[in-house]
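First the structure, in the form of structure tokens, and then the observations on it.
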Amino acid sequence: MRLERGEISSSQLMFLISCFIQGGLYPSSLAYSISKHDTWLALIAAFIIGVFIVLIYIALANKFPGKNIIEINDLIYGPYFGKLVSLQYIYFFIISLSGYFWFIGDFVLTFIMPETPIIVIMTMFAFICAWAVRKGIEVIARLCVIFVFLPGIIILLTFALLLKNMEFTNFLPVFEVPLEDFIQSTNIIMHISVCEVLAFLMVIPYMNKPKQARRSVLLGIIGGGLILLTGTIRNIAALGPLSEIVTSPSLLAVSLINIGKIISRLEVLVSMAQILLLFIITSVFYYAAVLSVAQITKLQSYLPVVIPIGIIGIFLSLISYDSRMQFSYSTMYITPLLSMHIYIAIPLISLIVAKLRKLPQRNERN
Amino acid sequence: MLHYLIKKSKFLMLLSQNALERNKQEPSQDDQNTPANLSQSLKTNLDLIKGVIGNNYDVVIREFSFDRQRQVSASLIYLSGMTDPTIINESILKPLMFESRLSSDSAPKLDDIEMIRTTMLSVGEVSKSANIDEIVDSCLSGSTILLVNNCHEALMIMTADWKSRSVDEPKTESVVRGPREGFTENLLTNTTLLRRKIKNSDLTIESIKIGQRTKTSVNIAYIKGLANPLLIEEIKRRLNDIKTDSILESGYIEQFIEDAPFSIFSTVANTEKPDSAAAKILEGRAAILTDGSPFTLTIPMLLIESFQCSDDYYSRPYFVSFIRMIRYLAYAISILAPATYVALTTFHQELIPTALLFSMAAAQEGVPFPALVEAMGMGVVFEILREAGVRLPRPVGQAVSIVGALVIGQSAVTAGLIGAPMVIVVALTAVASFVVPAQTDSGGILRIFFVVLAGFLGGFGIMIGLIGLLIHLASLRSFGTPYLSPLAPLSVSDLKDSFIRAPLWAMITRPRTIGWHDLKRQEFRLKPSPPLEEDTQSK
């Protein structure tokens, strides 16, 4: 019994992950206030460490082809303890989902619609995500192909248009921030962008050529990471110390563009791209949460849990966060540490236990 | 959720009802349809056929006798108006009545129906049958029935010929360059037009009859070896499943076989031009021609087909590529322009350049309604004018355009009911919506949908609507082919015929999602170039 009937190709997975990583540009602005103008170095460090962590996920997925993480946990830890581990993942997916629901609400509230109640925005957005999730991962992956180019082109275009405003002295002196701040910033960026690839452990099993998973995941991370790096360098170079203070360095940097009064107000494009990317990220988390809940409760189809999980996600975000300050604080200082064991420790332990128990071989014999 | 449950339960109820009805119907149908066969006696046979169609005013029953020695009596039954009298007179009656007398005594016995068929009739298509239903059906579609005494079979002689519109230029798809001929209401003419374009033995035209009362002939045309056999099988299955009483136009068939009946996008394309139907067949699609309709359906359909036009391929590629992009832009304008205007004036005034903002504010001053109401009102007025323009008789049309343009446009602005910028936006939208005729109906609905979203949620609402639209489009399939291909799923080589139109010599492969059965269209290296210098010198 497979919960998902659709299949995605390796190139679609690549675009999906690339979208996913690019979407981290706006949330990663939280790290600016900690690592200041060295954020781009923290970004590179986060990606280098992150790629190794992602390799653990892929190794885990490749050991059990065609099985999602919930099934893998059952195989590795046995049916009872495995469920306990799976609950950790479900917690992570739902917490991330609610975080992104809050995030989109807050983003729209701050920059687009200041007077609208946040629950209206979140409900509309959750509704659209639920629709995409109901249509299955195949549709989300197809949409990515359309979405991935738009934000990438916008970032490259704005980079070129902002060259006039950039001062590369803004990067000097390099490595000024204390090491602990740098590590903390690296962890935040890792948590926000690279390690959320964990959600793809629910997607990789539905590839039509599972052997190419490693290649497409890594290509996606590299492609998305380069765009993210371009965006970060653009923000720091164009804004300088200002980038540590403002809520959204990307929007502010782009709003500086004014070429002959013809090309201006490009921040509209940036916020459009941001909404598209946040939609992809939220949908993937939504999908992972829904699919894992359906898997653990052994449902025939995941469709009945789509709406309930959405409602839970919205209310969880309304309960968890009161204001933007609180959200920033918890994303900067609490969740990166709190969910560290989920995205580093548990996958690593799973991989080691699977190696020790020589599991895939026994699986073959069965 | 609740909606979903209700839908599901309704569906289940319908299923069980259908099963019951089918069980009830099947035995009774079997009783009625036991084929009544002809007997030996001419008189009984005539009475039998008269009993079915005899009391019609256009049925002609001509009784005569031939073969001087034995005086075999016979009769012809045909519908006047649907048959060609010259064929009946010259090729049926004349040989039977005169030439049989001229022949000598050694002539074959003509009471054998097979002998008449092989030796006497000089008509191309003659078949025989003993089944009354079959005979009556063929008579109703224009055949002449020959009944001979002492024969338990009848001859059905194809004499169909009736008045029909001649081949002329289609009104809906006019082109600047390219053939002017269009399909007509006559099925035979249409298949001939197709065959004249594709002179290939692999072009297969299969016929089935749909509609229990109208018995409409429907032809499926495709190229064997090029179209996917599974597609043809699926089309036939869906066509055979249509158990309705009448098919009057190909639109009936479209609604019975489409994949997404609740979608605002049609997943079956239609065309009135033989050249564009032939081009689609040559890409691996199948065409469905319906008797009585000049509109030919082609399946599967992709969204980008709506933005392609047959004279794109007859003109040179640069300008065509430019025009293609203009078409996409026009479609975007036709669905998004009023919504963007509403969002900008209601929520995001800061995005409008300051000078423009002042002039817009001046124009909007004193307008009593919010932008959403204005846009909806003008949108409805425009749709009313358009519909009136379509339905009204020609001479009245001018009056409508004067009322529309002057009274509603000009006077509404001067009276201060509507701001002038809104009139400009709606007029632009109206013109843009005619650029892509295949998507005019979906555009009209989407426009209202986006205006409402923009009125309540501004730019964010438009984004939500766009994402929703893309989710819907990405999930659509037309006979198994993804509707958004070659864009999603991405097929880079097929982008050559989407936003741009590559030169014809560069279009080496057929679209991957449709013509995958035989991908190669032409040879490489077809790019024209002047002869090399070495070649000319050697000559």
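The values are calculated or read from the model by the stated rules, or taken from the named source; none is laboratory data. Quick caveat, the model's predicted, so the values are computed rather than measured. When we count neighbours, we look across all protein chains shown, and the Cβ atoms used for this are built from the backbone with ideal geometry, even at glycine. Surface accessibility is based on the protein's heavy atoms, side chains included, excluding ligands, DNA and RNA. Shrake-Rupley method; radii C 1.70, N 1.55, O 1.52, S 1.80 Å.
Annotations
- Check on B:Met376, exposed (fewer than 14 other Cβ atoms within 10 Å of the Cβ) and touching a residue at least 60 places away in the same chain (Cβ under 8 Å): no
- Residues of region B:263-278 include at least one that is surrounded by fewer than 18 Cβ atoms within 10 Å (Cβ to Cβ), within 23 Å of B:Leu473 (Cα to Cα) and in contact with a helix residue (DSSP H, G or I) (Cβ under 8 Å, 6 or more places away or on another chain).
- Meets criteria (within 30 Å of A:Phe125 (Cα to Cα), of a type in the set (A, V, I, L, M) and in contact with an Asp or Glu (Cβ under 8 Å, 6 or more places away or on another chain)) for B:Met378: no
- On inspection, B:Leu356 qualifies as open to solvent by 60 Å² or more (accessible area, probe 1.4 Å), among the hydrophobic types (A, V, I, L, M, F, W, C), over 21 Å from B:Gly443 (Cβ atoms) and within 14 Å of another protein chain (Cβ to nearest Cβ).
- Out of B:Ala454, B:Ala371, B:Ala438, sole residue that is in contact with a strand residue (DSSP E or B) (Cβ under 9 Å, 6 or more places away or on another chain) and in contact (Cβ under 8 Å) with a residue 24 or more places away in the chain: B:Ala438
- Selected residue [over 18 Å from the mean Cα position of the chain (by Cα) and at pLDDT 90 or above] from A:Val139, A:Val133: A:Val139
- Scanning region A:138-169 for residues that are surrounded by fewer than 17 Cβ atoms within 10 Å (Cβ to Cβ) and either in a helix (DSSP H, G or I) or at the interface with another protein chain (Cβ under 8 Å from one of its Cβ atoms) (or both) yields A:Phe149, A:Leu150, A:Ile153, A:Leu156, A:Leu157, A:Ala160, A:Leu163, A:Lys164, A:Asn165, A:Phe168, A:Thr169.
- Residue match in region B:359-367 (condition: more than 14 Å from chain A (Cβ to nearest Cβ), over 25 Å from B:Ala438 (Cα atoms), out of contact with any Pro (no Cβ under 9 Å at 6 or more places or on another chain) and touching a residue at least 40 places away in the same chain (Cβ under 8 Å)): yes
- For B:Pro528, the conditions (1) free of Cβ contacts under 8 Å to residues at least 24 places away in the same chain; (2) open to solvent by 20 Å² or more (accessible area, probe 1.4 Å); (3) within 14 Å of another protein chain (Cβ to nearest Cβ) are fulfilled apart from (3).
- Filter result for the condition that a residue is among the charged types (D, E, K, R) and within 29 Å of A:Leu251 (Cα to Cα), over A:Asp38, A:Asp74: A:Asp38
- One residue alone among B:Val492, B:Val431 is within 12 Å of chain A (Cβ to nearest Cβ), loosely packed, with under 14 Cβ neighbours inside 10 Å and farther than 30 Å from A:Ile104 by Cβ, and that residue is B:Val492.
- One residue stands out among those in region B:193-204 that are assigned to a loop (DSSP other than H, G, I, E, B) and open to solvent by 30 Å² or more (accessible area, probe 1.4 Å): the one that is nearest to B:His517 (Cα to Cα), which is B:Asp202.
- The single condition among (1) surrounded by fewer than 17 Cβ atoms within 10 Å (Cβ to Cβ); (2) over 24 Å from B:Glu258 (Cα atoms); (3) at pLDDT 90 or above that B:Arg501 does not satisfy is (1).
- When region B:439-478 is filtered for residues that are of a type in the set (Gly, Ala, Ser) and under 30 Å from A:Gly6 (Cα atoms), the ones remaining, listed by number, are B:Ser442, B:Gly443, B:Gly461, B:Gly465, B:Gly468, B:Ala474, B:Ser475, B:Ser478.
- Residues of region B:205-235 that turn out to be without any contact (Cβ under 8 Å) to a residue 60 or more places away in the chain, touching a helix residue (DSSP H, G or I) at 6+ places or on another chain (Cβ under 9 Å) and surrounded by 16 or more Cβ atoms within 10 Å (Cβ to Cβ), as a count: 2
- The set of residues in region A:339-359 that are under 15 Å from A:Ile69 (Cα atoms) and open to solvent by less than 20 Å² (accessible area, probe 1.4 Å) comprises A:Ile342, A:Tyr343, A:Pro347, A:Ser350, A:Ala354, A:Leu359.
- Set A:Phe127, A:Phe159, A:Phe111: member being modelled with pLDDT under 90 and in contact with a helix residue (DSSP H, G or I) (Cβ under 9 Å, 6 or more places away or on another chain): A:Phe111
- The residues of region A:244-256 that are within 14 Å of another protein chain (Cβ to nearest Cβ) and of a type in the set (A, V, I, L, M, F, W, C), listed by number, are A:Leu251, A:Val254.
- Residue within region B:447-469 that is away from chain A (no Cβ under 14 Å), among the basic types (Lys, Arg) and under 22 Å from B:Val320 (Cβ atoms) present: no
- The one condition in (1) open to solvent by less than 70 Å² (accessible area, probe 1.4 Å); (2) among the acidic types (Asp, Glu); (3) at pLDDT 85 or above that B:Glu63 fails to fulfil: (1)
So that you can scan it fast, the table gives a plain yes or no per residue for (1) touching a Ser or Thr at 6+ places or on another chain (Cβ under 9 Å); (2) open to solvent by 50 Å² or more (accessible area, probe 1.4 Å):
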site: A:Asn235; (1), (2): yes, no
site: A:Pro241; (1), (2): no, yes
site: A:Ser250; (1), (2): yes, no
site: A:Ile275; (1), (2): no, no
